[in-house]
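Everything on this sheet refers to the single structure shown next.
The values are calculated or read from the model by the stated rules, or taken from the named source; none is laboratory data. Because the structure is a prediction, the values reported are computed rather than measured. For neighbour counting, all protein chains shown are included, and Cβ atoms are generated from backbone atoms with ideal geometry for every residue, glycine included.
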Amino acid sequence: MSEPTQSATTCGCRHTDANKRPAMPSFTSWGDLEHRKRKTAAPGGLVLKSLQIAALCAICFLSGCGNESPATKSEPAPAPKPAEPAVPDDIQAAARSLLGAETQVLQFGDLAKTGKQQFLAANVVPKTPKNNLPGTIVTRAVIAENQDGQWSEILRCDEHLKNAKGYLGLTPLASVTGWRVQYEQDPVKGLQLYFTPLKGTDDDAHVLPIGIRWNPKTKRYQSLDRSYENFLLESPTMTGTPRSTLR
C-alpha cells in the first residue's frame, strides 16, 4: 500500500494529511507551560513592585519638602533719615547774639505761616546722669523774626514767658530755672509750642504744659488757655489773672 502523498503550496508549505489526526497537548504539557509563564513573569512583577515603592517614597519626600515653611525673608533696612538742613550763618549769628555762644537753633523758616522768616533757638541743657529728664530741657529760649533784614526778638522764655506786650497768660509767678519744651509744625497754624516749668512753680496747675502759638489777629505769639483753643491776653506785670479772648 502506498504512503499518503503530501501536497505543496505555492509558498513551499506542506499540509498534513487530512486523514492524520493532529497531536493533542497533554495536561502535563499545559502545566509545564503555565509553570514556565509564571517563572517568566516573576522577574517582571518584582521590578514593577520595586518601581511602585520607589514612586511612593518619592511622593512622601516631596510632600515633606512641601510642608516646610519657606525661609523668612529679611526685612529691608529702613531708609536713612534725610539730613537736617544746615542752619544759615546769619541765623546762627543772630541766635548767638540773643542767647550767647552756647545756643542751639531748633527750628527755622516760615514758622508762623506769615511769609516771614523766623527761628526758634534755646540754651539746651545737655543730657547727663544727673539730668535724665525726658524731652528737651532748656534754661532760655527765644523766637526771632526777620524784619526788613534785621532779626528782632518777638518771644522770650527765661524765668518767665513774655513778649513785647508783657507776661504771657499762665506764666508762673515764681521764677522758673528750667523748662521742658516741645514743639510741632502745623501746616496751617504754624509752630505750636508747649512749655512745662520744672522748678519754681507756685501752683500744681502750672505743671501742665503752657501752649503758645502765633495769633494771626494780634500778629504775635500768645499763650493758650487749658483747652488750647483760646488765646490769653498778656499782663504788663506779674499780678492779676490772665484774661482770655477768642481766637
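Before moving on, here are some points about what is shown:
- Among the numbered conditions (1) of a type outside the set (D, E, K, R); (2) farther than 25 Å from THR103 by Cα; (3) at pLDDT below 95, the only one that THR171 does not meet is (2).
- Of all the criteria given as (1) out of contact with any Asp or Glu (no Cβ under 8 Å at 6 or more places or on another chain); (2) assigned to a strand (DSSP E or B); (3) touching a residue at least 40 places away in the same chain (Cβ under 8 Å), the one not satisfied by LEU133 is (2).
- The range 157-187, residues that are under 18 Å from VAL124 (Cβ atoms) and surrounded by fewer than 19 Cβ atoms within 10 Å (Cβ to Cβ): ASP158, GLU159, THR177, GLY178, ARG180, GLN182, TYR183, GLU184
- Among the residues of the range 94-117, those that are within 14 Å of PRO216 (Cα to Cα) and crowded, with 19+ Cβ neighbours inside 10 Å comprise LEU111, ALA112.
For every residue, the table says whether it meets (1) modelled with pLDDT of 95 or more; (2) in a loop (DSSP other than H, G, I, E, B).
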| residue | (1), (2) |
| --- | --- |
| TYR194 | yes, no |
| THR218 | yes, yes |
| SER223 | yes, no |
| MET238 | no, yes |
| PRO242 | no, yes |
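- Residue match in the range 133-147 (condition: among the charged types (D, E, K, R), surrounded by fewer than 19 Cβ atoms within 10 Å (Cβ to Cβ) and farther than 16 Å from GLN182 by Cα): no
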